[in-house]
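What follows is a short report on a single structure.
Read-outs throughout are calculated quantities, based only on the coordinates presented, and are distinct from any laboratory measurement. What you see is a predicted model; the values in this text were computed from it and never measured. All Cβ positions, even for glycine, are placed from backbone atoms using ideal geometry, and neighbour counts span all protein chains on display.
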Amino acid sequence: MILETSNLTKMYGSKTGCSDICLAIDKGQIFGFLGPNGAGKSTLVKMLVGLLFPTSGTASVLRRPLGDLEARRKTGFLPENFRYQEWLTGEELLSFHASLYKLTGEEKMRRIPAVLNQVGLGGKGKQKIGSYSKGMQQRIGLACALLPDPDLVFLDEPTSALDPLGRREVREIMMELRSRGKTVFLNSHLLSEVEMVCDQVAIINQGRIMAAGAMDELLVETVAVEMQVEGLTPPLINELAALSRSCHVNDSLVRLTLGSREQIPSLAAAVVRSGAYLFSLQTRHNSLEDLFVNLIQGGGEGYAGSGPVNC
Ligand SMILES: Nc1ncnc2c1ncn2[C@@H]1O[C@H](COP(=O)(O)OP(=O)(O)OP(=O)(O)O)[C@@H](O)[C@H]1O
């Protein structure tokens, strides 16, 4: 495993940053780490890149203990709220980061133009960072993270300042990294983006992992159903709610989430038995957003696929 944590916990005094985090992430994956504001995402990433000491629990990064210098040299990190020295040019900033990574002179000469091209800043390296647009600043941050050709890269909201084309380019960069066997740990609020690129995801809320697994397994574990029913009565709504994980009624439209497709006939049977009229029943693609909203708003019935949960 490229990254493993076991009961990793961070307390800020009596306040929980994150608690009992158990993850195991394999090489060559794009791993999506999701959660609402204040859930504990940055706390976990900061522990994994060596910026915070855990209160308890253990972790290994690139098969070495937390804080190991060799592992840090092969780890890239794009923080969420970065602010680089505006008086430096893009090349000077990269050169500074290359020294921090202890790249040799030859590596510097090779990697700096390579990462500038990779993030779409080819030809812009001599411009001062103060003159960069927000999107360009995000790109130069990504270039810093990719500078050592890392085996593992943590990207905290890497596309928040980018336009749709820029977002697509960053997705392509992540996929290209994966195709070379690199591992990407992606923190993002953009669920559709995570759904497009990630192989595995974990959802965290109030410091605890609520769901984790391979993306395709998590999304088929629930079935979303929409029914058009005339003559809904409170007892019928109660019966439908009892048959489903979640049930929302708006006039004659009933939206439900089921644990499996096998439960669909019992919904139809309940409607017919009650004397109401079933005009339509359709299943719809369950998006990551559905899963996220159900878990966070529904108080969290956890799902665990065969994926990245470690304990
Ligand atoms: N330095 C700190 N001192 C005290 N509490 C902190 C500190 N940093 C974070 N917290 C608390 O820890 C919890 C997790 O915060 P964290 O920043 O890890 O969440 P997050 O998921 O990254 O949030 P966001 O998506 O808003 O960036 C929150 O309740 C936050 O208030």
Unit charges at the beta carbon, dipole of the chain: most positive-side option, Ile129, His248, Phe292: Ile129
In sequence order, what are the phi-derived ³J(HN,Hα) couplings for segment 196-207 according to the Karplus relation 6.51 cos²θ - 1.76 cosθ + 1.60 with θ = phi - 60°, rounded to whole Hz, with x for glycine and proline? 6, 10, 7, 8, 9, 9, 9, 10, 10, 9, 6, x
Please rank Phe185, Phe77, Phe279, fewest neighbouring Cβ atoms within 10 Å first, as an exposure proxy. Phe279, Phe77, Phe185
Residue-by-residue Karplus 3J(HN,Hα) for segment 156-161, coefficients 6.51, -1.76, 1.60, Hz, glycine and proline x: 9, 6, x, 10, 4, 9
Any chance you could give the angle, 0 to 90 degrees and rounded to 10, that helix 105-118 forms with the longest Cα principal axis of the chain? 40
At a Förster radius of 25 Å, what calculated FRET efficiency corresponds to the Cβ-Cβ distance of Asp216 and Gln297, to the nearest 0.05? 0.60
Could you tell me the largest-minus-smallest coordinate of the C-alpha atoms of segment 3-218 on each of the three principal axes, in descending order and whole angstroms? 45, 35, 32
In degrees from 0 to 90, rounded to the nearest 10, what is the angle of the helix 288-297 Cα long axis to the longest principal axis of the chain? 70
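Can you give the % of DSSP beta bridges in segment 3-218 that are antiparallel, to the nearest 5?
Details: 21 of 38 bridges.
Antiparallel bridges make up about 55 percent of those DSSP assigns within segment 3-218.
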Taking the Cα centroid of segment 196-242 and of segment 161-182, what is the distance between the two, rounded to the nearest whole Å? 28
Shape of segment 90-197 from its Cα gyration tensor (a ≥ b ≥ c, root eigenvalues): rounded if a/c is under 1.5, otherwise prolate when a/b > b/c, or oblate? oblate
Please give the helix 264-274 orientation as an angle from the longest Cα principal axis of the chain, in degrees from 0 to 90, rounded to the nearest 10. 30
